[in-house]
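Asker: Let me give you the structure first, and then I'll get to my questions.
The values are calculated or read from the model by the stated rules, or taken from the named source; none is laboratory data. Since the model is a prediction, treat every value here as computed from it, not as a measurement. So basically every Cβ, Gly included, is an ideal-geometry build from the backbone, and we count neighbours across all protein chains shown. Just so you know, the surface numbers come from the protein's heavy atoms only, side chains and all, with ligands and any DNA or RNA stripped out. Shrake-Rupley method; radii C 1.70, N 1.55, O 1.52, S 1.80 Å.
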Amino acid sequence: MSYAEETGAFRAPQQTTALAREWRAMTRAATLVALLTAPAFYLVLHDSNHVSVPAAALLTLVAIVLFRGLVEVIVRRLIPSPSLLGGDSELKAEDIISRRRYWFWRTWWRRIPTLAVVGFVFYLLYLVICNVMGSVGGVSDFWHPGRELHAVLPAQDLPQILLQFIQLAIEIPLFLLINVLIFIGPFALMSARSIKSYEPGDASWGVKLSDVRGQADAKQEISRVITLWQSGEEFEKAGGKRERGLLFLGAPGTGKTMISKAIATSFNCPFVTIPGSGFAGMFIGMDTLTVWLLARRARRLARKWGGQCIVFIDEIDAVGMRRQALGTSMTGPGATLTSAMGPTSLSDLNFHGPHGALTASGDVIIETRQWREQLFARRAVAPGARTGLGTRVAARVNAAMPFMGYQGNALNALLVVMDGMNEPPALRKWWTNRVNTLLDATFLIPQRVGGAALRLPPAKPRTEEIYFIGACNVPIEALDPALTRPGRMGRHIWFRTPTKEDRKDIFDLYISRVDHEPDLDTDHGRDELARITSGYSPAMIEQSCSMALTIAQAEGRPVFSRRDILEAMTTVEAGTATNIEYIPEETRAVAIHEAGHAAAGHVYLGDEILSTRLSIRMRGGSLGHYQGMDKDERFSHFRSRVMGSLVMTLGAMAAEHVFYGENSQGVSGDLQSATRTAAAMVGIWGMGPDPVAFALQPRREPSDDLPVERQEATGGPLGRLGAGLLPGGSASGGARNGPASDAVRDRQALASRRLEQIGNQLMSRASVDSMLTPDPLAAVLNSPEKRRGAAILLGQAYVTAYSLMATNRAQVERIADQLSERKEIHGDDVIALLNSVGLTRPEIDLGDDATWPTI
């Protein structure tokens with residue numbers, strides 16, 4: 001027989017129903033017995049003990065209730081309670097009442113011995129005090145102390161003494177409370193001040209939803225959700241459930257806080273906001289108190305304005321990071337896919353300076369999707385920079401005395417508040433439960449009399465609807481899963497970094513607010529502005545338009561022109577450019593260097609990258625720079641694209657060798673970037689060199705056997721290494737399909753050694769791996785085989801760049817001359833210049849000694 005069968009834990013519904021009915025009959029019989037014996041008990045009290053009629057009646061009533069409570073406790077101990085699985089609603093309601101009675105009387109009967117002992121102890125103390133005080137008067141009677149006590153303490157003095165005791169009982173706790181408030185009150189006040197509330201009409205930032213540009217999808221989704229928040233009754237009647245919370249995810253500067261202000265301005269709903277750092281407190285429990293104050297203010301505003309309120313928590317990662325108990329695999333903003341898999345793009349690999357240059361010298365900037373994500377992430381506000389005085393003081397105290405405060409309670413309290421927003425008021429629920437339990441425990445007061453209920457109605461859930469919006473710029477994996485799950489902040493909305501089309505939309509808003517020349521209103525003019533503002537946030541675009549008008553009016557012109565906004569963008573990006581005039585020889589050298597980058601990028605990446613800027617004005621540590629952007633949004637690149645970036649990076653050094661026979665110190669950043677890229681290609685991305693074929697121009701004709709995507713990948717700017725000519729210009733088909741001759745193999749081996757030798761000379765040794773700073777690329781270069789592959793790749797790229805510069809020497813010189821004259825060229829002017837000089841892709845013959853540069 002099973003355990004369930006032995007214990008009878010699972011009885012048939014008929015058995016449980018019958019047991020419940022027997023329970024009901026027995027409890028009613030016990031009540032009837034108590035009522036029948038009550039007159040006899042009353043007569044004993046009144047006739048035998050001479051108790052007054054009211055007192056005897058009251059004591060009789062108390063005896064009946066106590067007897068029924070005792071019977072309830074004893075019987076519940078002896079007979080198992082019925083399980084009402086399958087029972088009717090009437091039996092279930094009676095069972096609830098009986099269980100409530102049993103809980104009440106079991107609690108009080110357990111307290112009786114304790115109360116008796118405490119009463120006896122107090123009585124003994126009373127006897128001792130009375131006898132001590134009575135002995136002062138000269139007479140002492142231990143068993144009748146009241147006589148001597150009345151002699152010492154007259155009855156008329158007792159009220160005054162009692163009043164003094166009451167006053168003392170109030171003053172001591174009040175004194176302690178005042179001292180505690182004096183000690184922690186200022187810190188609690190500063191934490192509470194971080195909670196800001198705005199009623200309809202107060203949130204007048206002047207920001208509307210139409211002012212939020214560049215985030216069309218996110219804005220549409222937010223508008224849909226908030227519309228349901230405000231008027232979703234029909235949606236709920238149809239079976240839907242309104243979202244409780246929204247989570248805004250995205251890099252800093254993408255408009256998360258701005259759209260929250262637009263929500264507060266545009267929707268007729270109260271709005272409460274607090275930064276994530278506002279929950280920090282100096283002492284344990286202050287963060288929980290801040291959460292309670294936040295919920296209380298939101299409920300109060302919701303009751304005032306029709307039952308709805310929106311709570312916005314900016315930088316919620318300050319309070320909602322993943323708790324240690326759930327794992328530490330992702331515990332910070334830097335815990336991304338890149339850290340687990342190594343660099344996944346050139347921007348992960350080479351991102352230098354505040355503008356994310358491809359090289360350490362800062363003279364090559366290429367806008368890609370990954371580059372924008374990195375750039376906006378670097379603009380994140382430093383921890384504590386946006387916090388108030390109280391938070392900064394608390395942070396310093398916690399740093400000095402970490403045992404004083406613990407900030408993990410804020411997340412737990414916030415989760416509880418989010419789940420309990422619709423819960424009935426705690427005090428009302430407690431009072432209702434206690435009163436109804438006491439009435440049920442008397443056994444004499446029925447539930448209803450006629451149509452009138454003799455019990456307090458259950459506390460109703462709150463009618464206020466509180467909605468939460470959080471914003472952060474860390475990966476969602478870094479946040480606690482309990483916060484981001486459905487039912488809390490389960491709707492996640494991503495804000496992307498502004499693309500070229502997004503920036504064009506943003507310009508349409510801000511440039512229309514500032515007086516400008518009509519040529520900037522054309523589609524071509526706006527498109528050019530969007531192209532040359534790579535990595536701009538909406539705030540930077542707004543500042544550029546305002547600063548352009550400042551420049552124009554400083555020169556006496558009422559409207560600004562294209563030249564003014566270009567100058568304004570230069571200032572916004574890196575401050576005012578250093579007004580330094582190079583000597584003529586250095587001006588030409590810097591122009592040749594940047595012209596080499598631009599020419600290589602235009603020839604070998606022209607199908608994928610659009611040149612946007614060419615400059616020889618000093619900014620920071622860079623004497624000049626070349627800037628471009630991806631024509632299309634891409635999430636990954638083929639080998640030909642990465643190889644083209646290598647040629648572009650080394651194009652400046654190749655140009656210096658062609659024109660001067662040597663290179664300057666300015667190529668150090670280029671060599672570092674090229675080395676890291678080549679190491680990643682060989683050791684991480686599986687893009688090693690082909691040791692057989694070295695021609696960099698594709699020769700394979702399109703074939704019907706190959707998919708279109710594969711044909712395009714093979715016929716890109718550089719083609720696949722190994723898809724072209726063998727050294728000496730011979731066709732590769734026979735060598736690849738049949739056994740290669742010894743002579744061909746010897747020439748291939750010689751070319752490989754020469755490419756490797758050039759690559760080893762170019763390879764930068766600046767990155768040194770150590771146990772304290774592990775570098776996967778350094779580990780790649782420490783492998784002889786991988787190092788050889790990286791060296792060959794560098795050699796191939798540099799030979800290609802050198803051949804390009806040697807073949808187009810006159811064209812590169814024309815680019816440098818224009819750059820020397822104009823100092824800085826933007827947008828369409830850069831493209832027109834590169835197209836006009838007639839750059840051609842060289843035919844590379846590795847069998848010709850003139851092809852090989854001397855380093």
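Asker: Starting from residues that are surrounded by fewer than 13 Cβ atoms within 10 Å (Cβ to Cβ) and charged (D, E, K, R), keep the ones in the stretch 760-793 and report whichever is modelled with the lowest pLDDT.
Answerer: Once the filter is applied, the top-ranked residue is R765.
Asker: Further, regarding this structure: Is it fair to say I222 is surrounded by 22 or more Cβ atoms within 10 Å (Cβ to Cβ), under 28 Å from R513 (Cβ atoms) and touching a Leu at 6+ places or on another chain (Cβ under 8 Å)?
Answerer: For I222, the condition - surrounded by 22 or more Cβ atoms within 10 Å (Cβ to Cβ), under 28 Å from R513 (Cβ atoms) and touching a Leu at 6+ places or on another chain (Cβ under 8 Å) - is met.
Asker: Further question: Taking the stated definitions as given, is T463 hydroxyl-bearing (S, T, Y), within 30 Å of S231 (Cα to Cα) and open to solvent by 40 Å² or more (accessible area, probe 1.4 Å)?
Answerer: The answer is yes for T463.
Asker: For the stretch 412-444, give me each residue that is open to solvent by 60 Å² or more (accessible area, probe 1.4 Å), of a type outside the set (D, E, K, R) and either over 17 Å from Y102 (Cβ atoms) or modelled with pLDDT under 80 (or both).
Answerer: N412, V416, A426, L427, W430, W431, L444 - these are the residues of the stretch 412-444 that are open to solvent by 60 Å² or more (accessible area, probe 1.4 Å), of a type outside the set (D, E, K, R) and either over 17 Å from Y102 (Cβ atoms) or modelled with pLDDT under 80 (or both).
Asker: Consider the stretch 543-564. How many of its residues are open to solvent by 10 Å² or more (accessible area, probe 1.4 Å), touching a residue at least 12 places away in the same chain (Cβ under 8 Å), under 21 Å from P518 (Cβ atoms) and not hydroxyl-bearing (S, T, Y)?
Answerer: 6
Asker: On to the next question. Which count do you get for residues in the stretch 819-846 that are of a type in the set (D, E) and either over 30 Å from R745 (Cβ atoms) or in a helix (DSSP H, G or I) (or both)?
Answerer: Number satisfying all stated conditions: 4.
Asker: Within the stretch 235-266, how many residues are of a type outside the set (K, R), more than 17 Å from I506 (Cα to Cα) and open to solvent by 20 Å² or more (accessible area, probe 1.4 Å)?
Answerer: Of the residues in that region, 8 qualify.
Asker: Sort through I609, I580, I511, I541 and tell me the only one that's under 30 Å from H352 (Cα atoms) and at pLDDT 85 or above.
Answerer: That would be I541, the only listed residue that is under 30 Å from H352 (Cα atoms) and at pLDDT 85 or above.
Asker: All but one of (1) at pLDDT below 85; (2) within 20 Å of A595 (Cα to Cα); (3) among the hydroxyl-bearing types (S, T, Y) hold for S730; which doesn't?
Answerer: Every condition holds for S730 apart from (2).
Asker: Taking the condition of being assigned to a helix (DSSP H, G or I) and of a type in the set (A, V, I, L, M, F, W, C), how many residues in the stretch 270-295 meet it?
Answerer: 8
Asker: Could I ask something else about it? Give the residues of the stretch 296-324 that are in a helix (DSSP H, G or I) and within 21 Å of the chain's Cα centre (by Cα), sorted by residue number.
Answerer: Result: D317, A318, V319, G320, Q324.
Asker: When you go through A151, A192, A203, A188 one by one, which is the residue that is assigned to a helix (DSSP H, G or I), surrounded by 11 or more Cβ atoms within 10 Å (Cβ to Cβ) and at pLDDT below 65?
Answerer: Criteria check complete, one pass: A151.
Every residue, every condition in (1) on the phi > 0 side of the Ramachandran plot; (2) under 25 Å from the mean Cα position of the chain (by Cα); (3) not basic (K, R), yes or no:
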{"position": "D440", "(1), (2), (3)": "no, no, yes"}
{"position": "K460", "(1), (2), (3)": "no, no, no"}
{"position": "T463", "(1), (2), (3)": "no, no, yes"}
{"position": "G487", "(1), (2), (3)": "yes, yes, yes"}
{"position": "I493", "(1), (2), (3)": "no, yes, yes"}
{"position": "P518", "(1), (2), (3)": "no, no, yes"}
{"position": "D527", "(1), (2), (3)": "no, no, yes"}
{"position": "I532", "(1), (2), (3)": "no, no, yes"}
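Asker: Taking the stretch 740-759 as the region of interest, how many residues are assigned to a helix (DSSP H, G or I), open to solvent by less than 50 Å² (accessible area, probe 1.4 Å) and modelled with pLDDT under 75?
Answerer: Selection size over the stretch 740-759: 1.
Asker: Okay, next question. Condition first: crowded, with 22+ Cβ neighbours inside 10 Å, among the aromatic types (F, W, Y) and either assigned to a helix (DSSP H, G or I) or touching a strand residue (DSSP E or B) at 6+ places or on another chain (Cβ under 6 Å) (or both). Now tell me which residues in the stretch 484-540 satisfy that.
Answerer: F495, F507, listed by residue number.
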